[in-house]
Amino acid sequence: PMDAISQPQVRRIVLMFAPQTGKTQVAFNALCQWIDQDPGPCMYVMPDEKVTTRLARRRLLPMFRSTPRVAELLGPGVSDITTLAVNFTNGMDFMMAWATSAAEMASESVRYLIRDEVDKYPDFTGKEADPIALTDQRQNAYPFTKKTIDMSTPTDESGYVGRMIDMEADELRRYYA
């Protein structure tokens with residue numbers, strides 16, 4: 001997956017892995033590479049606010065602070081690093097959102113979009129479009145340079161990650177251990 005997301009022509013990668021087998025780590029690796037090598041606005045979307053906040057506090061912020069090249073780029077101001085948003089000195093802006101809040105997902109235009117556990121997203125967020133369509137619109141300003149990572153533990157045939165792989169994948173790779 002890291003090789004695929006690093007290729008300039010690849011715009012979206014969909015990961016359907018068993019639970020606790022490295023999906024989120026793939027996204028974290030890509031995120032750190034983007035921060036260091038190719039900065040741009042990024043949104044990380046989780047199913048709900050509680051999970052989003054927990055992921056930010058327990059995993060993302062500690063990773064940013066403990067990765068030397070990324071830590072060097074952390075903004076110096078108090079407001080540069082919050083639980084749900086981080087501004088880096090090289091222009092990379094990172095924000096967290098959740099699929100149950102249309103306002104959070106519609107807040108910014110982003111080049112990079114990471115959607116974690118998409119099969120756990122609600123079908124729609126009130127009067128707005130479904131969370132997938134709503135976040136896809138955030139990348140309209142970057143048609144030739146956008147990157148999207150969609151990932152989830154599969155649920156059933158009606159789940160988003162399975163539908164994406166079945167109906168829209170240009171290439172399918174299976175990994176065996």
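The values are calculated or read from the model by the stated rules, or taken from the named source; none is laboratory data. Keep in mind it's a predicted model, so treat the numbers as computed, not measured. All Cβ positions, even for glycine, are placed from backbone atoms using ideal geometry, and neighbour counts span all protein chains on display. Ligands, DNA and RNA are excluded from the accessible area calculation, which covers all protein heavy atoms including side chains. Shrake-Rupley method; radii C 1.70, N 1.55, O 1.52, S 1.80 Å.
Given axes a ≥ b ≥ c from the Cα gyration tensor, I'd like to know whether the stretch 6-69 is rounded (a/c under 1.5), prolate (a/b larger than b/c) or oblate.
On the way: a/c = 1.62, a/b = 1.12, b/c = 1.44.
Here the stretch 6-69 falls in the oblate category.
Once neighbouring chains are kept in place and the probe is 1.4 Å, which whole percent of the accessible area of the chain is contributed by carbon and sulfur? With neighbouring chains kept in place, the figure for the chain is 51 percent.
Are there any trypsin sites (Lys or Arg not before Pro) in the stretch 78-153 that are in a DSSP loop and have at most 16 other Cβ atoms within 10 Å? List them by number. Please report the intermediate quantities before stating the final value.
Numbers: sites: Arg111, Arg115, Lys120, Lys127, Arg138, Lys146, Lys147; in loops: Arg111, Lys127, Lys146.
Counting only loop positions with at most 16 other Cβ atoms within 10 Å, the trypsin sites (Lys or Arg not before Pro) in the stretch 78-153 are Lys127.
Counting Lys and Arg as +1 and Asp and Glu as -1, what is the net charge of the other residues whose Cβ lies under 12 Å from the Cβ of Ala102?
Values: positive: Lys127, Arg138; negative: Glu104, Glu128, Asp130.
It works out to a net charge of -1.
For the residues Cys42, Cys32, a 1.4 Å probe over the protein chains yields an accessible-area ranking, largest first, of Cys32, Cys42. Averaging the sequence gap over all C-alpha pairs within less than 8 Å and six or more residues apart, then dividing by the number of residues, gives the stretch 111-177 a relative contact order of 39 percent.
The heavy atoms of Ser79 present about 90 square angstrom of accessible area, all protein chains included, probe 1.4 Å.
Restricting to Cα pairs below 8 Å that are 6+ residues apart, what does the relative contact order work out to for the stretch 1-72? Please round to a whole percent.
On the way: 27 pairs, mean separation 17.2, N = 72.
Relative contact order of the stretch 1-72: 24 percent.
Considering only Val161, Val118, Val78, the Gaussian network model of the chain with Cα springs below 10 Å gives its largest mean-square fluctuation to Val78. Bridge orientation summary for the chain: considering DSSP beta bridges with both residues in this region, about 20 percent are antiparallel. Please label the shape of the stretch 1-119 as rounded, prolate or oblate, based on the square roots a ≥ b ≥ c of the eigenvalues of the alpha-carbon gyration tensor (a/c under 1.5 means rounded; beyond that, a/b larger than b/c means prolate, else oblate). Here the stretch 1-119 falls in the rounded category. Accessible surface computed residue by residue for the stretch 81-177, with neighbouring protein chains in place and a 1.4 Å probe, gives 54 Å² per residue.
Round to the nearest 10 and give me the degree value, 0 to 90, for the angle of helix 23-37's Cα axis relative to the longest principal axis of the chain. Value to nearest ten degrees: 40.
With the cut-off at 1.5 for a/c, could you classify the stretch 118-177 from its C-alpha gyration tensor as rounded, prolate or oblate? The shape class here is oblate. Ile165 sits with roughly 30 Å² accessible to a 1.4 Å probe, with DNA, RNA and ligands left out of the calculation.
With the whole protein complex present, Asp166 retains an accessible surface near 130 Å², based on a 1.4 Å probe.
Measuring nothing but how far apart in sequence close Cα pairs (under 8 Å, 6+ apart) lie, relative to its length, the chain scores a relative contact order of 28 percent.
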